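**Q** Have a look at the structure that comes next, please.
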Amino acid sequence: MKIVILDGYTENPGDLSWEGFENLGELTVYDRTPLNDDDEIIKRIGDAEVVITNKTPIRKVVFDACPNIKYIGVLATGYNVVDYETAKSKGIPVTNIPTYGTDAVGQFAIAMLLEICHHVAHHSDAVHEGRWTSCPDFCFWDYPLIELAGKTMGIIGFGRIGQSTGRIAKALNMKVIAYDEYPNDAGKEIAEYVSLDELLAQSDVISLHCPLFPSTEGIINKNNIAKMKDGVIILNNSRGPLIVEQDLCDALNSGKVFAAGLDVVSTEPIKADNVLLKAKNCIITPHISWAPKESRARLMNIAVDNLKAFVDGNPINVVNK
């Protein structure tokens, strides 16, 4: 069995092993593959039966040109890079990795929030630059410092990651409320479920953890921002298009939104003209919530298990049944 990994570098820049895949077949790994070059994608897949991708798109033209494909494995939770309906019509299962980064992503959401509240990196840099040495007082701070205890965190999308974030927020003595179309008992132990409008009105901090669907695309827009408290903090390490970026930029610059912590944007890598790059009080990180080594190792193991299950005739985590 020939296995091709089209863009393995972000999953494994050298600190993990591909051995699990090597044990299952003849493996070829490309660090990166041009995303918009179907001819090159087709060339690299060749006559391989198994294709593993992270962000390299597998479009209909690729399926049509590579009739040997029997299986597509996505090294991520989101699988919209694959034309899974075409795959389904050809009897090709597409699998994803549903639950590898729950704790890491929740942790990162809170890390962005704490950075907004304390600007730890900035103040450490100021000390190393000598500003504390020359300070006439025993302390100084350049930004408002915020205590979170007693404040309300509203979480939009209260699945595994949202609940993980909520548990940490509760440990910080925050009140946690949540909006989700499918409330469950596990969530009720952490948060009070409310309507979206109630969440927007009550929250001091709003954290996005919902999937990107037509119903959630642009859920943070000027109309919903107008329903929020003045000085709200917004966090997003879910999907970039959940936010109308110009609307958030305007709200940050006006002070309606005090600060934002973003690990995702509408187009990645971020474009040089993205309006949020010049917005006030906007932390942007390069989509790394998922990337601790422990999380990536878990992803690798699940990806290998997905392929093993397919080989054994009992595929799991199939998104296009």
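**Q** Only one of (1) in a helix (DSSP H, G or I); (2) out of contact with any strand residue (DSSP E or B) (no Cβ under 6 Å at 6 or more places or on another chain); (3) within 22 Å of Ser238 (Cα to Cα) fails for Ile97. Which number is that?
**A** Looking at each condition in turn, Ile97 falls short on (1).
**Q** Right, another one. Give all pairs with beta carbons closer than 6 Å in which a residue from the stretch 130-157 that is closer than 27 Å to His209 by Cα meets a residue that is part of a loop (DSSP other than H, G, I, E, B) and open to solvent by 80 Å² or more (accessible area, probe 1.4 Å); count only pairs at least 6 apart in sequence or on separate chains.
**A** Pairs that qualify, where the first residue is closer than 27 Å to His209 by Cα and the partner is part of a loop (DSSP other than H, G, I, E, B) and open to solvent by 80 Å² or more (accessible area, probe 1.4 Å), are Ala149/Asn173.
**Q** Within the stretch 285-299, does at least one residue satisfy the condition of being over 22 Å from the mean Cα position of the chain (by Cα) and either touching a residue at least 12 places away in the same chain (Cβ under 8 Å) or crowded, with 20+ Cβ neighbours inside 10 Å (or both)?
**A** no
**Q** Moving on to the next point. Consider the stretch 139-197. How many of its residues are part of a strand (DSSP E or B) and either over 22 Å from the mean Cα position of the chain (by Cα) or surrounded by fewer than 16 Cβ atoms within 10 Å (Cβ to Cβ) (or both)? Give the derivation first.
**A** Looking only at the stretch 139-197, we keep the residues that are part of a strand (DSSP E or B), and these are 152-156, 175-179, 192-193.
After this cut, where a residue has to be either over 22 Å from the mean Cα position of the chain (by Cα) or surrounded by fewer than 16 Cβ atoms within 10 Å (Cβ to Cβ) (or both) as well, the list is 152, 175, 192-193.
Of the residues in that region, 4 qualify.
**Q** Does Ser254 count as surrounded by fewer than 21 Cβ atoms within 10 Å (Cβ to Cβ), free of Cβ contacts under 8 Å to residues at least 12 places away in the same chain, within 27 Å of Leu200 (Cα to Cα) and not aliphatic (A, V, I, L, M)?
**A** Numbers: surrounded by fewer than 21 Cβ atoms within 10 Å (Cβ to Cβ): yes; free of Cβ contacts under 8 Å to residues at least 12 places away in the same chain: yes; within 27 Å of Leu200 (Cα to Cα): yes; not aliphatic (A, V, I, L, M): yes.
So Ser254 passes the test.
**Q** Then there's this: Which of the residues belonging to the stretch 269-286 are farther than 26 Å from Ile146 by Cβ and among the basic types (Lys, Arg)?
**A** Residue satisfying the conditions is Lys271 alone.
The values are calculated or read from the model by the stated rules, or taken from the named source; none is laboratory data. Note that the structure is a prediction, hence the values are computed from the model and not measured. Glycine gets a Cβ as well: all are built from the backbone with ideal geometry, and neighbour counts include every protein chain shown. For the accessible areas, the whole protein counts, side chains as well, though only heavy atoms, and no ligand, DNA or RNA atoms are used. Shrake-Rupley method; radii C 1.70, N 1.55, O 1.52, S 1.80 Å.
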